[in-house]
Every structure is written in C-alpha cells, then in structure tokens.
Amino acid sequence: MNTPDLATVLSEDHLMLSRICTELELGPGSPENRRELADHLIAQLVRHEVAEEPHVFPSPALAGADDVMRRLEGLGPQDTRFERLLSQLIRAVRRHLRETGLARLEARYSATRLRDLGDEVMGRRKATSSLPHPAIADRAPAATLLRTGPGFVDRARAALTSVH
C-alpha cells in the first residue's frame, strides 16, 4: 500500500479534526465522554501540528491553542472553565482549518518530496503510539508517557518529535 503524500496526510488530519469538533459541538454527551473527546482532540491536534509545523507557515489560528490545551489538561468536565476553554479550542481549530496553507505545499515541494515527507510523517506516527487502549493503559509502556492530564500536551509533542 502506498503512503499518502504530505498534503494528503495533512488534509486527512483536517477532516478528522473537523469531525471531532463537530461531535463535540453537536452532542453534549456525558461529562466523561466530553472529557475523552477533548483529550482525543488535543492528542490529534498536537499530532497534526507536529507534522505540519516544519512544512507549512505557522497557523495564526493555532497560536494560542497550546495555551488553551494546557489549561484544559487538568480540568475535569464539571469544572466551570472546561466548556469555555473547549469552545475556545474548537474555534481555534476551525479557524486553522479555514486558513491553512496546504495548497502552498504543492508549489513548494516536488511530488517526490511530498511523498517522502508523507512517508516520514506516517513512519513517525507509526513509531509513536497514541493513547493506549484503556483496557491496557496500566500495562502499556506509553501509558505513563501519554496519559492525559497535566503535562499531556508537552508529553505528546515530545513523543512525536523525538522519533527518528
């Protein structure tokens, strides 16, 4: 199976981020479910940022997103700040999806280079697992590295950028 090129990888990320935001916007769900979805959004956004940052001009929309993600890390869904911060994060993601410069990738890189970069990003993602399945979270080595809560954004970013 061929690995998609970088533009395709990032476009697929955008679709996934949009779906997560929509799920958060449409249904309140249980507080625990909203917390899990917020953690999922944070993990996927960090994963996307790590792939996008070296190749696409920094997104002004995401400039404050790291701060919002860090402020969300330690909050329970019942905290009065949780929904306000989650809404801020969703708005930042939506702005990023509208403002992204993915079209410039094809002007900046050759098709071969885009494929190589896609391979690199997908290899890095494969080498770093995302959040472990809850059934094995206490046994998975990544569980201590990528557990949610305070420091989650920094640990996720470090895990994704340290794989070669």
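The values are calculated or read from the model by the stated rules, or taken from the named source; none is laboratory data. Note that the coordinates shown come from a computational prediction; the quantities given were computed from them, not determined experimentally. Don't worry about glycine lacking a Cβ; one is built from the backbone with ideal geometry, like all the others, and counts go over all protein chains shown. The area values use the complete protein model at the heavy-atom level, side chains included, leaving out ligands, DNA and RNA. Shrake-Rupley method; radii C 1.70, N 1.55, O 1.52, S 1.80 Å.
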## Note on the structure
Among residues of the range 17-30 being surrounded by 14 or more Cβ atoms within 10 Å (Cβ to Cβ) and over 21 Å from Arg104 (Cβ atoms), the residue modelled with the lowest pLDDT is Gly29
### Message
Going through Pro77, Pro150 one at a time, which residue ends up being within 20 Å of Leu37 (Cβ to Cβ), in a loop (DSSP other than H, G, I, E, B) and either at pLDDT below 90 or among the aliphatic types (A, V, I, L, M) (or both)?
### Response
Pro150
### Hits in the range 80-116 - residues which are more than 23 Å from Asp39 (Cα to Cα) and touching a residue at least 12 places away in the same chain (Cβ under 8 Å)
Glu99, Gly101, Leu102, Arg104, Leu105, Glu106, Arg108, Tyr109, Ala111, Leu114, Arg115
### Task
Please identify the pairs in which a residue from the range 29-46 that is within 22 Å of Val9 (Cα to Cα) and of a type in the set (Asp, Glu) has its Cβ atom under 8 Å from the Cβ atom of a residue that is buried (at least 18 other Cβ atoms within 10 Å of the Cβ) and at pLDDT below 90, counting only partners at least 6 apart or on another chain.
Asp39/Leu131; Asp39/Thr148; Asp39/Phe152
### Task
Would you check if there is a residue in the range 96-103 being of a type outside the set (Lys, Arg), buried (at least 19 other Cβ atoms within 10 Å of the Cβ) and in contact with a His (Cβ under 9 Å, 6 or more places away or on another chain)?
yes
### Message
Here is a check on your reading of the model: is Leu117 of a type in the set (A, V, I, L, M, F, W, C), assigned to a helix (DSSP H, G or I) and either under 15 Å from Glu49 (Cα atoms) or open to solvent by less than 30 Å² (accessible area, probe 1.4 Å) (or both)?
### Response
yes
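Please count how many residues of the range 31-58 are open to solvent by less than 50 Å² (accessible area, probe 1.4 Å) and part of a loop (DSSP other than H, G, I, E, B). So that I can check it myself, show each step before the final result.
Initially, the range 31-58 is screened for residues open to solvent by less than 50 Å² (accessible area, probe 1.4 Å), giving 34-35, 37-39, 41-46, 48-52, 55-56.
Going one step further and asking which of them are part of a loop (DSSP other than H, G, I, E, B), we end up with 55-56.
The qualifying residues number 2.
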